[in-house]
Amino acid sequence: MSAQLVVDLGAFADNLARVREVVTPAEMMLVVKDDAYGHGVVEIARRALAQGVRWFGAFDAETGAVVRATVGETARIFIWIAASASEVAAAVAARLDIGVGDPGLLEDVAIAASAASVVARVHLKIDTGLHRNGVRPEMWPEFTARAREWESAGVLEVVGVWSHIAEASDDEDDVARAGFEDALAVARNAGLTPSLRHLAASAASFARPEFRYDLVRVGAFAYGISPAGGPSAGELGIRPIATLRTTVSGLESDGVRVGIGALDGLPSTLAGRIEVGTPAGPRRLRVVDRYESIVDGWPGAGIGQEVVVFGADDDAPRSVTEAGEAIGTIGEEIAVRISPGVTRRYSAT
Ligand SMILES: *Cc1c(COP(=O)(O)O)cnc(C)c1O
């Protein structure tokens, strides 16, 4: 067997329930960018829909269309990157909610909606300090006034105002939230009536109730990925949902070869920094080669025996968050790097 990522959809459902319990009465948008953080967007979206999730955050129009085909018309799908007029047209055609953080994009959406004779749903993005595709406060009055003009013309509806925050320091986030409040007031002055205000991702949606507003955009915590150096999964009431497994592929004089390597997305910097689960207990990961890796041996090691690199399992010495911490990064970074060539399997315990 080559490497497999086994995703526990039952654990995923539990995490969704936990997130919703924490953030209610705000709604949860499940963020499914980067192939649902490496877990496989189609299976993840299907299960989330079955659990009652009605908002998906799909990043781009292509992912949005995949989610639309998977979940049908009952759910709302939000995208926030559209780089070309053809992507905007695709987003309008798939009835996606479009995050607009750029005056040029607002014009593109209006033109595409008018060409398709539909009313596009847009969420205007204010830049509250991250400088990642949002409209600067000094441009905001003109931007919201222009959006109101298009709304009056009947080609779009401003359903939301949103921003993205760093979630790295409470003080900076508080400043961002004050900017967000100002932007909401300006939007209302322009005659807009957005019913969906959204600011928080996983961390703030749990730790800072005043950041929840109407909708929270949650990725990491739904997948059981806790923040590096922050509260543990157990403290948050979530658990990891994915386990990366492989098997022994060869016995060497100095260790055991296992069937996962750098080309499968295992960071080579993990060599020497983590232990993996073996039938004899945790063993050091010594070398990460292109196709295979070498682990410290154990008595009775044999080809085909299972090895757990990280994961949700009791056999796994490490979670994906801890693997990330071992090389100074976040769990999401490890999860999204697992190559699409690694088979995803789904279980529902
Ligand atoms: C990725 C992303 C999120 C989700 O962040 P998590 O920390 O994984 O919950 C929310 N909003 C935006 C705009 C994002 O890009």
On each of the three principal axes the extent of the alpha-carbon atoms of the range 94-137, given in whole Å and largest first, is 35, 17, 12
Eigenvalues of the alpha-carbon gyration tensor of the chain, times 5 and square-rooted, give semi-axes in Å, largest first, of 42, 20, 17
The FRET efficiency for V119 and A168, from their Cβ-Cβ distance with R0 = 30 Å and rounded to 0.05, is 0.20
Using alpha carbon centers only, the range 289-306 is separated from the range 1-71 by a whole-angstrom value of 33 Å
With 0.36 nm assigned to each residue of separation and the Cα-Cα distance removed, E62 to A85 gains 7.0 nm
Any residue on another chain or 5+ positions along whose placed amide H is under 5 Å from the amide H of R286 is listed here as G272, I294, V295, D296
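Summing -39500 (n - 2.57) over the DSSP H runs of n ≥ 4 in the chain and dividing by its residue number, what mean residue ellipticity at 222 nm do you reach, to the nearest 500 deg cm²/dmol?
-10000 deg cm²/dmol
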dims of the range 209-277, Cα set, principal axes, largest to smallest, nearest Å -> 59, 20, 19
With R₀ set to 51 angstrom, the calculated FRET efficiency between the beta-carbons of E306 and E21, to the nearest 0.05, is 0.90
The Cα radius of gyration of the range 207-324, divided by 2.2 N^0.38 Å with N its residue count, comes to 1.24
Full extension between L263 and A280 adds, at 0.36 nm per residue less the Cα distance, a length in nm of 3.5 nm
With a ≥ b ≥ c from the Cα gyration tensor eigenvalues, square-rooted, and the rule rounded for a/c under 1.5, otherwise prolate when a/b > b/c and oblate otherwise, the range 1-135 is prolate
Here, E73 and D214, labelled 7 Å along Cα→Cβ, have an inter-label distance in nm of 2.2 nm
Expressed in nanometres to one decimal, the distance between label points 7 Å along Cα→Cβ at R273 and H131 is 2.8 nm
Quick calc, S232 & Y291: beta-carbon distance into FRET formula, R0 41 Å, rounding 0.05, result 0.75
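Here, each number is a calculation from the coordinates, and none is a lab measurement. Keep in mind the model is a prediction, meaning the values are calculated, not measured. Cβ coordinates were reconstructed from backbone atoms using ideal geometry, including for glycine residues, and neighbour counts include every protein chain displayed.
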